[in-house]
1. In segment 476-504, which residues are assigned to a loop (DSSP other than H, G, I, E, B) and open to solvent by less than 20 Å² (accessible area, probe 1.4 Å)?
2. Going by what's in this entry, would K221 be described as touching a residue at least 24 places away in the same chain (Cβ under 8 Å), out of contact with any Cys (no Cβ under 9 Å at 6 or more places or on another chain) and open to solvent by 60 Å² or more (accessible area, probe 1.4 Å)?
3. Identify, please: which residue in segment 358-372 is under 12 Å from the mean Cα position of the chain (by Cα) and assigned to a helix (DSSP H, G or I) and is, among those, surrounded by the most Cβ atoms within 10 Å (Cβ to Cβ)?
4. Please determine whether any residue of segment 554-567 is touching a residue at least 40 places away in the same chain (Cβ under 8 Å), closer than 23 Å to A301 by Cα and outside any loop (DSSP other than H, G, I, E, B).
5. I need the full set of residues from segment 447-487 which are on the phi > 0 side of the Ramachandran plot and of a type in the set (D, E, K, R), in order please.
6. Return the only residue of S66, S100, S90, S54 being under 23 Å from G326 (Cα atoms) and of a type in the set (S, T, Y).
7. Inside segment 421-446, can you point out the residues that are out of contact with any Pro (no Cβ under 7 Å at 6 or more places or on another chain), within 23 Å of H387 (Cβ to Cβ) and not aromatic (F, W, Y)?
8. Take the residues in segment 331-345 that are touching a helix residue (DSSP H, G or I) at 6+ places or on another chain (Cβ under 8 Å) and assigned to a helix (DSSP H, G or I), then tell me which one is most open to solvent (accessible area, probe 1.4 Å).
Amino acid sequence: MSRTRTALLAATALVAGAAGTAMAAVPGDVGAAAVPCTVDYQVQNQWNTGFTASVKVTNNGAAKSSWSVKWTYAGNQQVTSGWNAKVTQSGANVTAANESYNGTLATGGSATFGFQGTYSGSNAVPATFTLDGVTCNVDSGGPTDPPDPTDPPPGNRVDNPYSGAKVYVNPEWSANAAAEPGGSRIANQPTGVWMDRIAAVNGANGKMSLRDHLDEALRQKGSGELVFQVVIYNLPGRDCAALASNGELGPTEIDKYKTQYIDPIKTILADPKYASLRIVTTVEIDSLPNLVTNVSPRATATPNCDVMKANGNYVKGVGYALNKLGDVPNVYNYVDAGHHGWLGWDDNFGASAELFKQAATAEGATVADVHGFIANTANYSALKEDHFSIGDSVAGKSVRESKWVSWNRYVDELSYAQALRDKLVSLGFDSKIGMLIDTSRNGWGGANRPTGPGATTSVDTYVDGGRYDRRFNTGNWCNQSGAGLGERPKASPQPGIDAYVWMKPPGESDGASKAIDNDEGKGFDRMCDPTYTGNPRNDNNMSGALPDAPISGHWFSAQFQELMKNAYPPLS
């Protein structure tokens, strides 16, 4: 965006009182040397009495080792908490001072911080900002820059993008589903579009490119609202504990990730042509949770995960993606949050939430760039276990002591997602963040679906006899035998849940059941081998995987048929 204060204040007057994004910014491309500093103040979310804001300050003067930004509210706004700066308020006057880790502000350098506040009446954007006492956003009378025609429109994100909207049906997946016997029953369901390597952005091996999908989304949209779901999935050293989904980028190729993957995706998503779509991103599944559970000194540690924790490129990559994609006004970022059978234990739950906060405030990102989180992506954990709960006791033992629950705090994805949401809000994420739950393969229906609790002979017979999830262990993740389609995609199904989604397209393999040469950087993981007897990550149980599976992402007809057979709710 390129406009000076005169041009911008007119635009600000139109949006300052509106919920959504308000701006007071003067990035000075033309005559920038005459502007000592610029401040970009954006109201990210606004509700009845509260709001969150993001502030970016750019220093065009001499380099600084510390800084302080100040402004004065004209209305009744009150800051309640902040992040990436020490934000204090006295009366109407607000001061934001650097933290110990972001005090350096080079010439041309920027710092971004955020805060949450309350208001009554209007929530007008402050008119004047100073950096260390120098007024920002004012030049010496140089020319006023016209708006950049390539900039996306300001946008106005809604609280829940799925509310009142259709969701994109991927024609490539739909064709595969419809070609299967009985597949036409679900071929019109919406699924995620996976960008799992750089080549996928422009279309690889004859498949649709990201622009092709977006153009088709516009066609499907018509005159109503439509959500387009895209999975951002190509971190350096991706999925350090799961060889089947290793990616194309090496552990140190963070610059390539930024410039050849995220930047081109942002350019496409920011095209004004697609401004009417609600674009939901699922940001980098699986990798961040590995930094909590699969690093030394844990028994589940892998050398690859130790490397990724040490070099910080998972955190940097996620932060960069959130920052860049979050700049697009009609993009809604949802960060992957694992699943209850991975992060639900006491020593994983809080640590994971704190790591998510760290990533959401890295590389220029703020928590305001996160619209929500997604649980159970491409996994099989049951949505809701009806026949036992975490508070039950049998034969003098808590359900937590059963072999299946194994001291976890949660027994299903709904309770986990709702609890994690509360935890994340307590750490500074917006109080209106929403959760998504991937229900594409967690139905566990069919003839063997329990209809009541198990026998009360012991806590194990009670849990095992009543649980829907029939895996050998919650750590099993690859092409699970007996799994079924879950709840169909729907908006606002439960408090705190924005939607049930099918982010993983049913019928696409999790990984090959034996080593298969490929040009996609995908290895062979023994967890996809039906003969594998396990490791510490699944308590040394059998893998439960189906045989004869292709490499991850490729169509797996036998799995698709099994998912339809065991669907719950059943298919008609």
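1. N476, C478, N479, G482, A483, G484, L485, G486, W502, M503, K504
2. Answer is no for this residue.
3. A360
4. The answer is no; no qualifying residue exists.
5. None; the set is empty.
6. Only one candidate passes the filter, namely S54.
7. Result: I437, D438, T439, N442, G443, G446.
8. W342
The values are calculated or read from the model by the stated rules, or taken from the named source; none is laboratory data. All figures in this text were calculated on a predicted structure; none of them were measured in a lab. All Cβ positions, glycine included, derive from the backbone under ideal geometry; neighbour counts span all protein chains shown. We work out accessible area using only protein heavy atoms, side chains counted, and drop any ligands, DNA or RNA first. Shrake-Rupley method; radii C 1.70, N 1.55, O 1.52, S 1.80 Å.
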